[in-house]
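These notes concern the structure reproduced below.
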Amino acid sequence: VAATEPTTTSATSTTTLPTTVPNPTTAVEPESSEISIARAFFDARNAYDVEAATALFTPDHHHHGISVDMYPALFDWLRATSWRWTVDECHMKSGDANTSCRYQVENAWSRAIGLAPAPGAISFEIWGGIRAVPDFSVHQLSEAWNTVTDWIRASHPTEVGSMISASGSAPVLDARSIDLWRSYTQEFVEFHATVAPDVETMISPRLAYGLE
């Protein structure tokens, strides 16, 4: 009897396709060039990079406060006193000042006396570049400024005129002043690292420094 080959049955596989398609990832809208320029200015200022900051200005830029000529001294002073800005958000708006940013700012003095970063906002005129030079004021950190200048008046009274403007509302921006600010900022930080807590929390800085 002849042998019969076994019969092979092939299995048919079926693939079930999903009935729903997952939602695509939401596209992130790219930043406008104006917002990119605004953020680049904060980056340059945090790096104390005068060339990077001034490269963002248009050839016909103008200023309402501090001029570009003062930027090298200003940035040296910002470095000496350790200012830093953290951008929360930037957005476009109508008008000449067409780009606005919200930020938080701190420096060596504010950190030394336990202050949280202070909120603030700035509007830029950005038309192909920054057209109006951003101004600067120590009153972005007014409590820290008042505390450190009171301490300088108490601790280094002979240097007050070399470091603080006659109005008391701004630093003197020259090489000797910046060197003094660098040295005395470190001294101020070290003082507040060892000062008794009740001096900071129960009486005013002016009284603590013997000015009242």
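The values are calculated or read from the model by the stated rules, or taken from the named source; none is laboratory data. Keep in mind the model is a prediction, meaning the values are calculated, not measured. With ideal geometry, Cβ positions are generated from the backbone for all residues, glycine too; neighbour counts draw on all protein chains shown. Accessible surface is based on the protein model in full, side chains and every heavy atom, while ligands, DNA and RNA are left aside. Shrake-Rupley method; radii C 1.70, N 1.55, O 1.52, S 1.80 Å.
Residues in the range 127-156 that are surrounded by 20 or more Cβ atoms within 10 Å (Cβ to Cβ), touching a His at 6+ places or on another chain (Cβ under 7 Å) and either of a type in the set (S, T, N, Q) or in contact (Cβ under 8 Å) with a residue 40 or more places away in the chain (or both): 130, 133. Answer yes if at least one residue in the range 165-176 is in contact (Cβ under 8 Å) with a residue 12 or more places away in the chain and touching an Asp or Glu at 6+ places or on another chain (Cβ under 7 Å), and no otherwise. There is no residue in the range 165-176 that is in contact (Cβ under 8 Å) with a residue 12 or more places away in the chain and touching an Asp or Glu at 6+ places or on another chain (Cβ under 7 Å).
Being at pLDDT below 95 and surrounded by 13 or more Cβ atoms within 10 Å (Cβ to Cβ) is true of residue 206. Determine which single condition residue 45 fails, assuming it passes every other condition in (1) among the charged types (D, E, K, R); (2) open to solvent by 40 Å² or more (accessible area, probe 1.4 Å); (3) over 21 Å from residue 163 (Cβ atoms). Failed condition: (2). Just one of the listed residues (68, 87, 50) is closer than 18 Å to residue 141 by Cα and aliphatic (A, V, I, L, M), and it is 87. Within the range 144-154, is there a residue that is acidic (Asp, Glu), touching a Leu at 6+ places or on another chain (Cβ under 9 Å) and modelled with pLDDT of 95 or more? Within the range 144-154, one or more residues are acidic (Asp, Glu), touching a Leu at 6+ places or on another chain (Cβ under 9 Å) and modelled with pLDDT of 95 or more. When every residue of the range 67-81 is checked against the conditions, none turns out to be open to solvent by 60 Å² or more (accessible area, probe 1.4 Å), in a loop (DSSP other than H, G, I, E, B), more than 25 Å from residue 187 (Cα to Cα) and of a type in the set (Asp, Glu). When residue 68 is tested against (1) at pLDDT 95 or above; (2) in contact with a His (Cβ under 9 Å, 6 or more places away or on another chain), only condition (1) is not met.
Pick from the range 89-126 the residues that are over 26 Å from residue 58 (Cβ atoms), of a type outside the set (A, V, I, L, M) and assigned to a strand (DSSP E or B): which of them is least open to solvent (accessible area, probe 1.4 Å)? It comes out as 106.
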